[in-house]
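Some notes on the structure that comes next.
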2 protein chains.
Amino acid sequence: MNIGDASERSGLPAKTIRYYEDIGLLKPGRSGNGYRHYSTADIHRLKFLQRSRSLGFSVEECRQLLSLYGDSHRESADVKAIAEVKLVEIDCKIAELVGLRETLRHLVDHCHGDERPECPILDGLSAEEDQPANQSTTH
Amino acid sequence: MNIGDASERSGLPAKTIRYYEDIGLLKPGRSGNGYRHYSTADIHRLKFLQRSRSLGFSVEECRQLLSLYGDSHRESADVKAIAEVKLVEIDCKIAELVGLRETLRHLVDHCHGDERPECPILDGLSAEEDQPANQSTTH
DNA sequence: CATTGACCTTCCAGTGACTGGAAGCCCTAG
DNA sequence: CTAGGGCTTCCAGTCACTGGAAGGTCAATG
């Protein structure tokens, strides 16, 4: 199977598949003409990558998960630990975004949004009182 | 005021402040020795940037907001429009993350997480049925 | 047999928003 | 006079791709 088919079956763009090979996430065979060819096992790995990436795992986490995936002596506790950390991260991100939404909603609700220049949104952005000056809180 | 003080007062790292200057978001003066010096107006712009960035506006959106900020003939409707688009984006992101959390939570809850290799998380990642193979859905 | 067009290859560069680090100047205190 | 801290510029790296150029391969068509 060539990269085009692999792309279609895995749901990943061909460019991304080549990139994953570059960084060592899989090693497809090569035909005589230099074309990559993908086995069904390769397709499984690609689908696995597509799913775990879309669940918010970083590429490095996917690498870990893939190695556990291919290890018949793995312990499910190892996998669960990774997933639970990710769950916490997702929860944090949601909480952060909800906070942002509240703040922005508040600003938007107080702006009449007409032809006049008075704008509580800009006022809010230029002088909010309640947060201390700190370096790089967001990461 | 030198860049160190500007950093402290704005809550932005000095590197970031120089970067913002690089991309044309502000133009502080220079002292005889080549050091940048920041007026109180500069500090206001920096704080404005810090706040709007932390609210999820992209640097380009911040550039727009800054230009509205400095335009006494602005119409508050323009600002509100930008903010409302951002609100929708934040809502989308939250919804997406909540979906991720549900899926991952489901997988985690079904994994006993012990020394055995059986793992519903890996199973779920390797063969989930209900999503079609499509290119780059997430953005 | 030549050509077209789709598909494949490699390589290089760009994205966004910084961040790290090296090499070197400036200023003040001891 | 030296040590330190702060400032300067410039270059490279991050993450996970993505775009594009230049060119090789293949199957089908005229």
* Structure fact -> How many residues of segment B:8-39 are more than 8 Å from DNA strand D (Cβ to nearest atom), more than 14 Å from every other protein chain (Cβ to nearest Cβ) and among the basic types (Lys, Arg)? The answer is 1
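Conditions tested, residue by residue: (1) within 19 Å of B:Pro120 (Cβ to Cβ); (2) in contact with a strand residue (DSSP E or B) (Cβ under 6 Å, 6 or more places away or on another chain).
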site: A:Gly29; (1), (2): no, yes
site: A:Asn33; (1), (2): no, no
site: A:Ile43; (1), (2): no, no
site: A:Lys47; (1), (2): yes, no
site: A:Ser52; (1), (2): yes, no
site: A:Val59; (1), (2): no, no
site: A:Leu68; (1), (2): yes, no
site: A:Asp71; (1), (2): yes, no
site: A:Asp78; (1), (2): yes, no
* **Criterion: among the aliphatic types (A, V, I, L, M) and touching a Phe, Trp or Tyr at 6+ places or on another chain (Cβ under 7 Å) - qualifying residue of A:Leu25, A:Leu66, A:Leu12** => A:Leu66
* Asked: Of the residues A:Glu89, A:Glu102, which is more than 30 Å from B:Asp114 (Cα to Cα), outside the structural domain of A:Pro13 (by TED's automatic domain parsing) and acidic (Asp, Glu)?
  -> A:Glu102
* **Candidates B:Gly124, B:Gly99 - the one that is more than 7 Å from every other protein chain (Cβ to nearest Cβ), modelled with pLDDT under 90, open to solvent by less than 70 Å² (accessible area, probe 1.4 Å) and over 16 Å from the mean Cα position of the chain (by Cα)** => B:Gly99
* So B:Asp42, is it within 16 Å of DNA strand D (Cβ to nearest atom) and within 14 Å of chain A (Cβ to nearest Cβ) -> yes
* To do: Name the single residue, out of those in segment A:56-92 being within 14 Å of DNA strand D (Cβ to nearest atom) and of a type in the set (D, E, K, R), that is farthest from the other protein chains (Cβ to nearest Cβ).
  => A:Glu60
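The values are calculated or read from the model by the stated rules, or taken from the named source; none is laboratory data. The model shown is predicted, which means the values in this text are computed figures rather than measured ones. Here the Cβ is made from the backbone with ideal geometry for all residues, glycine too, and neighbour counts use every protein chain on show. Just the protein is used for accessible areas: all its heavy atoms, side chains included, with ligands, DNA and RNA removed. Shrake-Rupley method; radii C 1.70, N 1.55, O 1.52, S 1.80 Å.
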